Structures are given as structure tokens and as C-alpha cells.
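Read the figures in this text as sums done on the coordinates, not as results from a lab. Everything numeric in this text was worked out from a predicted model, so none of it was measured. Every residue, glycine as well, gets a Cβ built from its backbone with ideal geometry; the counts of neighbours run over all protein chains shown.
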Amino acid sequence: MKKLHAAITGVEGYVPEHVLTNEDLSKIVDTSDEWITTRTGIKERRIMREGASSDMALHAVKGLLEKTNTNPLDIELVILATVTPDYPFPSTANVLCDKAGMTNAWGYDLIAACSGFIYGISTGAQFIETGRYKKVIVVGVDKMTSILDYQDRTTCVIFGDGGGAVLLEPNEEGLGIQDFILRSDGAGRAYLVQPGGGSLNPASIETVENRMHYVKQEGKQVFKFAVTNMAEVSAEIMEKNKLTSDDVAWLVPHQANLRIIDATADRMGITKDKVMINIQKYGNTTAGTLPLCLWDYEAQLKKGDNIILSAFGGGFTWGAVYLKWAYNS
Ligand code: UT7
């Protein structure tokens, strides 16, 4: 029997309609379009005014099922990466399965912050490669505005809401996920964390008064680790798979900061025209960035394209996935 690979056979994204520009933010906190653009590359981001992460995921999954002509009842597993679940429990994957009519599926949430989508597809791929499942959905989605402090200019300008979903199916032509390298370092929690609301600091008047339910980030420290580790792991997966920069059709980097994206592409020897970038319109949607990139660029992808996805985020978590694109759209 031929080796089974897990291939992405469809992708769909969703971003809320409401746009928050840098100009809008400069009326809320002491910031400017110039600062945000030059430091991050972000011009605007989308804001979800009503609803939860599962609602954005539902939009993406509905579109995905439609475009891949898939019956929701045929989905066997849903892995949903997020740091902004609807509830601490039940999982947002469970909520999504109910809302989308995927009633034969089981599912779970995966917390790996900005690396959630690459952790998710690497995990989902195992169920396909072993032959156990034929249809797995992986979602990366975050409603970051639900944990943003609009009094903290160092974080509220960076993030936005959105996400996307992919369908993983078996492929016998050698296309699909070829390799992954995933890493973590929990010491990174000192620099990027939502301190309140978990078992360490359950919600209380104090946690609310101390603004502990919001994202806290030491940007400079995170930047240092992100630049080094995202670039290194992306170069490492190329070396491991004997890929030259000419062999790589696309780099799909986590969209946290244009300067981190540029450093990663430089380290890989990849020219800018082969780098997916949409940070200017969505900001950092945490687990949502990579599926949103694939969605935006889907029409340009060709069957057989070598693609490297790479990410770095809270945890710290980071890694890279090497895949061969499986279809022409
Ligand atoms: O996706 C998860 C992983 N996260 C990341 O990868 C984010 C990594 N970090 C970064 O992208 C960058 O560190 C930031 C974009 C968050 C910040 O950029 P920076 O160049 O590292 O700026 P900084 O934190 O060193 O701040 C420089 C100055 C400070 O002022 P002083 O101390 O020099 O007077 C900040 O107070 O910029 C100030 N500042 C701002 N000014 C205007 C910080 N935020 C703002 C703001 N508008 N929004």
C-alpha cells in the first residue's frame, strides 16, 4: 500500500466586517499610523462586535464544506486552535460541531497561541496518515478583541479578529504534509501571557481590577525570541528536507510583525514575492493568521508547490511545517 499523506484539500477564511484603522486607534490610545505601520506593518484590523470565536469558525467551516462539496456528517474529527475559546469548557470544537451539524465528529481545542494552526495540522495529519480517518477539519481562530486592553497601546494595536479552516484528506500521490518541526519553551510565559481567569488566578474582583484578563506582552523580549526561532526553524526544515530556496514556492509566515516575517524570509533566502503577507489588513489574529494567508493566496497556489508554514507565539511555541500543495483551484 502506498504511504498516505495528509493533504489540505480546501481552505476557507472568515474575518468580521468591521474595520478598525490605525487612525481609529489613535483616537483611543496614544499612538499613530506612522508608529504602527513602521514598527509592525499593520494598517488596519477586523473587529468582531457580536458573537464568539465559534461563530467565526462556523462561517469558515460552512464555506469550506460547501466549496469542497463535503457533507458535515462525514467529518470525523475537528481540531480547533484558539486562545479565545467561547468558554473555558465545553470546548469550542464541541460548540462548532453542534452549530455546523458535524454530529458524527469528535473534537477538541488546542492551545498553542500563534503556533496553534501548525500544531493543529501536524496533529490532525497523524489521524490521516495512520489510515484511521479520511476527513479531518483543522480550524485556527481567535477573537483577540475579547482579551485586549484598550488602555494598553503596546498590545491593542497589534491584534485583530479572524480565522480559517482547512480540510485534511488522505493523498496517495505524495502530496500533502511532508514534515514538521514543533518546539516549545514554557519559560516564555514570563513575556506573553493572559494572567487571569485560569486555575492559577481565577476570576475575582482583584483580577478584574488589576486588568489580569487581558493579554500582557513584553514586546521587545518576544520580538527577540520570535526573530531568532522562527527564522531558525524555517531554515532547519528546509535543510532537513534538502530544499533550496528555489525549491520553495511559498513561505507562509505567522503575521505578527513585518520585521519578523522579513527576517525569516532572509534567513531562508526566499524573495519577498514568494512570501504570503496580509498583516496590513488583518493584524495579528493569533491562531487565525496562517489559514487566512492560505485563503487569501489560494488562487495562486498550484498542485505540487512546496510550501513552508512557520510560526512563533505565546508559550513560547514555535515550529514549521513543510507541505506539498495538493490541488489547483
Ligand atoms: O504573535 C505572538 C508573538 N508576538 C510577537 O511576535 C510580537 C513581537 N514584538 C513586536 O512585534 C514588537 O516588539 C512590538 C511591535 C510589540 C513593539 O515594537 P518595538 O519596536 O519592540 O517597540 P518597543 O516595545 O521597544 O517600544 C518602543 C517605544 C517605547 O517608547 P520609549 O520607551 O522608547 O519612549 C514604547 O512605549 O514605542 C512606544 N510604544 C508606542 N508608541 C506609539 C509602544 N507601543 C506604542 C504604540 N504607539 N502603539
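Out of the residues in the range 277-304 that are farther than 25 Å from PRO85 by Cα and assigned to a loop (DSSP other than H, G, I, E, B), which is nearest to the chain's Cα centre (by Cα)? By that ranking, first place goes to ILE277. Filtering the range 243-276 to residues that are in a loop (DSSP other than H, G, I, E, B), out of contact with any Phe, Trp or Tyr (no Cβ under 6 Å at 6 or more places or on another chain) and among the aliphatic types (A, V, I, L, M) leaves LEU243, VAL248, ALA249, ALA256, ILE270. Residues in the range 34-48 that are in a loop (DSSP other than H, G, I, E, B) and more than 10 Å from the ligand (Cβ to nearest atom): LYS43, MET48.
Residues in the range 9-33 that are more than 16 Å from the ligand (Cβ to nearest atom) and farther than 30 Å from ILE177 by Cα were compared, and the one that is surrounded by the most Cβ atoms within 10 Å (Cβ to Cβ) is VAL19. Within the range 212-224, being surrounded by 15 or more Cβ atoms within 10 Å (Cβ to Cβ) and more than 8 Å from the ligand (Cβ to nearest atom) holds for MET212, HIS213, TYR214, VAL215, LYS216. Screening the candidates TYR297, TYR282 for the property of being in contact with a strand residue (DSSP E or B) (Cβ under 6 Å, 6 or more places away or on another chain) and of a type outside the set (Val, Ile, Thr) yields one hit, TYR282. Inclusion of ILE181 among residues that are at negative phi, hydrophobic (A, V, I, L, M, F, W, C), outside any loop (DSSP other than H, G, I, E, B) and surrounded by fewer than 20 Cβ atoms within 10 Å (Cβ to Cβ) is warranted.
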